[in-house]
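Take a look at the structure set out below.
What follows draws every value from the coordinates through simple rules; no lab data is involved. Note that this is a predicted model, so its numbers are computed, not measured. No Cβ is skipped: glycine too gets one built from the backbone with ideal geometry, and neighbour counts run over all protein chains shown.
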Ligand SMILES: Nc1nc2c(ncn2[C@@H]2O[C@H](COP(=O)(O)OP(=O)(O)OP(=O)(O)O)[C@@H](O)[C@H]2O)c(=O)[nH]1
Ligand SMILES: [Mg+2]
């Protein structure tokens, strides 16, 4: 829980580093300079100054550091803030933590508390706060770009614009209810209904984006499927460039789903290896493994069906059944195949053993993924939380559009607005905040 005490935290990664960054924020933040710096005089805001840092109780010098003061509201949190850029040794970090913690009224920050304060002080809306967390966690170029776009307010503006249009319609509807006797245009409700149904279409299109933004945050899901011994685990290892999965000539080696994380042309992907599929004859573990493989196949964005080249040109019938429009088919063990003429023209021949065909497969995967994430498209929905709120908003709009009584129509517009407002944090946010900020790291 938050209170209004002054908070501090190590904002850089823990462990030894060249420089460590400590952040302080709150009403008393500038007292950190008085207490720790020598000389202790005032600093010009937003200007770096070199100071000796002392423990206020023992007066012992801890380090020499660059110190920057920010006067609220011109700071990240909107409060008075101070940054200390010290050396990054563990002992320095420990001594600094102790010194800051010894100042009365100072306490260690909770994860995400700096950003939470920024939100509470109106420095950013909730979508921007979430974008900060995404940017901190971004591992690939495409994730970074999406988070930055959201941080720049692309989503906040889109939802803000819808919120405003709803609020305008609501005002019109209420006016015509409250001033029914006055000389208002007769078709006011009809006009608003048109506006609302237009807006409904825009929200529905935004929702119907194939989960593009969420995929980009969480990773595009690719699954390897095929008969036992086809070389699925070998292929996973070749793509991941490490021995993540056990490989053996014994059919039925893989039982559980094994995942590796890949960066494919800047897009994040989670590649899953699964148990070989065949007619269920084996033990309960084997059946459970196949069950998990099929479940993963249902949820995946893309399937790679691996055929065993040792049987070429015969194809496993069970595996053939898995091929659909969301599938890339590959024939592994190309090193064992002399004559490639045969069925399945679209298939890629490759060898997890020699590495032949691995690059073309990666190129193909890159193309398939890029087609699904169009960089220049409108800002995309990035979180399940947003999706839920938008679906609720849509339901209320539908109810409003089908209601007969004017006051019920208006009430549903109000509820639609509230659902939308929850995304950016305009209303009813208290219960949401803990959930959102708990995913942050301390110091952000
Ligand atoms: N010659 C050749 N052998 C391969 C190739 N890829 C895999 N193998 C061999 O095929 C056997 C099975 O490989 P795995 O990767 O364990 O096959 P899998 O599809 O994961 O098998 P299960 O987990 O049992 O379903 C092992 O002996 C591998 O060394 C390849 O490209 N060429
Ligand atoms: Mg395997």
Quick note on 247, 404, 257, ordering by fewest other C-beta atoms within 10 Å, gives 404, 257, 247
Angle between the chain longest axis and helix 358-372 axis [Cα atoms, degrees, rounded to 10]:
50
Using the Kirkwood radius built from alpha carbon pairs, what does the Stokes-Einstein equation give as D for segment 218-372 at 4 °C and 1.567 mPa s, in µm² per second?
84
Helix 384-402 axis, angle to the chain major axis (alpha carbon atoms, nearest 10°):
90
Show me the ranking of peptides 46-55, 295-304 by mean Cβ neighbours inside 10 Å, starting with the highest.
295-304, 46-55
In degrees between 0 and 90, to the nearest 10, how far off the longest principal axis of the chain does helix 284-299 point, with axes built from Cα atoms?
60
Nearest-0.05 FRET efficiency for residue 401 and residue 326, computed from C-beta distance (R0 45 Å):
0.80
I need 358, 264 ordered by Cβ neighbour count within 10 Å, fewest first.
358, 264
When 188, 216 are arranged by how many other beta-carbons sit within 10 Å of their Cβ, fewest first, they go 188, 216
Of 277-288, 94-105, ordering from highest average Cβ density within 10 Å down gives 94-105, 277-288
Computed over segment 218-372, the relative contact order (Cα-Cα under 8 Å, seq sep at least six) in percent reads 25
Label residue 40 and residue 279 with points 7 Å out from Cα along Cα→Cβ: what is the distance between them in nm?
8.6
With equal scatterers on the alpha carbons only and no solvent term, can you work out the Debye log10 of I(q)/I(0) for the chain at 0.06 1/Å?
-0.42
Debye-sum result for segment 6-109 in log10 I(q)/I(0), which assumes one identical scatterer on each alpha carbon, at q = 0.21, 0.22 Å⁻¹
-1.07, -1.19
